[in-house]
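These notes concern the structure reproduced below.
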Amino acid sequence: MAKSIAGGVRPGIIIDIEHRLLKQIIVGKQKAAASMFDDLDRELENDANKLDIERDAVFERLSKQIQARQVYEAVSAQLITTITTTLDNQLASPDLLIKQSGINENQMLMLELLYEKNLDLNRLRLLIADLPWLARDLTNMVNSPSFRHKRQHRSDVKVTEIKLVLNFIGVENLKLVIPYFCLRNWLPTGHANLLWTTRKLWRYAMLTGIAAKALAQLNELDIAQAYTSSLLHQLGISVVLKNSAKVYENIWGTWLREASASRDKELHDAVLATEFPAEEIYQQVLQHAHKLNWRLPELLDFNTSLLTQTQKELDTSLSYSELSEYAALVARASCFAKVLMLEEMRMISPKEKQLMFDYYQLSEQEQIRLKGQNYRKLDLY
């Protein structure tokens, strides 16, 4: 079996297993623990829970009234069609998504600098200065209790100068820390309807990043390039989800206000009960996410970048055996992360797990190394 599928054109069973996890991340109802999410969007949890409870109560009442249920079905279908049509038009024009994507020229240039043999800290500092959110995140990290403890005798000194911040973090640590914070900036945070999805996506991204780092060390490849490529692989799905949430919240909110103004309770309840169309958005992710991973950097004139080329290979190559060493490494890291999450969810059999490892040609030595990693926490410094 291993010989028949290893590295060739991706078999249907492999595609099914991979889509199984993606569907659980986007459509699945299980709620990811906050501890997996590094406090990201923790303040939205109460809002998300309240919204779920309110919707469930309204939907249960509507389902008991035939006329009200018919109104709900008609209004909900029309609302979801409006949302998906609007999103279709946006995703068809990637050049319009750049501003909302969270990625720009300086960020791509900065990510490229990280895997240069002699990292120019002065040039890096200037790029970070143009990204206020990154300067803030790095400064907050250096002044956090856990990091200040590592600074030993200077633990009582608060650092604000970005040059000192970078010096405290150190060159090798910056190669992990900066892509980590970039990913946090890309993710669709601040949306109650995507709270659980974002937490699960964050978990998957961290698993993939840790696995890529371990594989790069084992195979004596550049850790920064492998790790950054693994996190950049989450850009497209983040962009699709972020734009989906914005479109949904804008249209749903407009319809809800108009329904309230009309004083039509059935119409109001029908709109209120219409959930974020996760199934339809899952299909949008399947169609657009991988292409956006490389198309957005290309639109920023980074089409010759190794990072961009790696993402393009992962999207367009028909088989694993066609991939270059860094693209193949990201594919293997992603494979391991998917298997690990599906095992946690009890949604993969031992046979399917072995099929995944066989196809992506994870060696016994690599499997041993990957199983020995701590996937509960990314050691950033």
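The values are calculated or read from the model by the stated rules, or taken from the named source; none is laboratory data. Note that the coordinates shown come from a computational prediction; the quantities given were computed from them, not determined experimentally. So basically every Cβ, Gly included, is an ideal-geometry build from the backbone, and we count neighbours across all protein chains shown. We work out accessible area using only protein heavy atoms, side chains counted, and drop any ligands, DNA or RNA first. Shrake-Rupley method; radii C 1.70, N 1.55, O 1.52, S 1.80 Å.
Each label point was placed 7 Å from the Cα along the Cα-to-Cβ direction; for residue 69 and residue 6 their separation is 5.5 nm. Ordering 298, 275 by accessible surface, largest first, gives 275, 298; the 1.4 Å probe counts only protein heavy atoms, with every chain in place. At the residue level, residue 168 shows approximately 60 square angstrom of accessible surface with a 1.4 angstrom probe and all protein chains present. For the residue pair residue 316 and residue 343, what label-to-label distance in nm results when each label sits 7 Å from Cα along the Cα-to-beta-carbon direction? Distance between the two pseudo-spin positions: 3.5 nm.
Per-residue surface analysis assigns residue 16 an accessible area of about 90 Å², computed on protein heavy atoms at 1.4 Å probe radius. In the full protein context, the chain carries 47 Å² of accessible surface per residue, based on a 1.4 Å probe and ignoring ligands, DNA and RNA.
For the chain, with all protein chains in place and a probe radius of 1.4 Å, 49% of the accessible heavy-atom surface sits on carbon or sulfur. Between residue 258 and residue 19, the modelled label-to-label distance comes to 3.4 nm, taking each label 7 Å out from Cα in the direction of the beta carbon.
Mind scanning 99/246; 117/371; 242/338; 291/353; 338/371 and naming the pairs with a C-alpha gap bigger than 19 Å? Those over the limit are 117/371; 242/338; 291/353.
A value for Cα extents along the principal axes in Å was derived from the coordinates, and within the list (i) 84, 64, 43; (ii) 69, 67, 37; (iii) 68, 59, 38 it appears as (iii). Counting only heavy atoms of the protein chains and using a 1.4 Å probe, residue 56 has close to 100 Å² of accessible surface. The residues 265, 99, 246, sorted by heavy-atom accessible surface at 1.4 Å with ligands and nucleic acids left out, run 99, 265, 246 from largest to smallest.
Every helix of 4 or more DSSP H residues in the chain counts as -39500 (n - 2.57), and over all residues that averages to -22500 deg cm²/dmol at 222 nm. Diffusion coefficient of the range 277-381 by Stokes-Einstein, Kirkwood radius over Cα pairs, 4 °C, 1.567 mPa s: 82 µm²/s. Using R0 = 25 Å, the C-beta based FRET efficiency linking residue 88 and residue 250 works out to 0.95. Per-residue Karplus couplings for the range 81-94, computed as 6.51 cos²θ - 1.76 cosθ + 1.60 with θ equal to phi - 60°, are listed in order as 4, 4, 5, 5, 5, 4, 5, 3, 5, 5, 5, 6, 10, x Hz, Gly and Pro entered as x.
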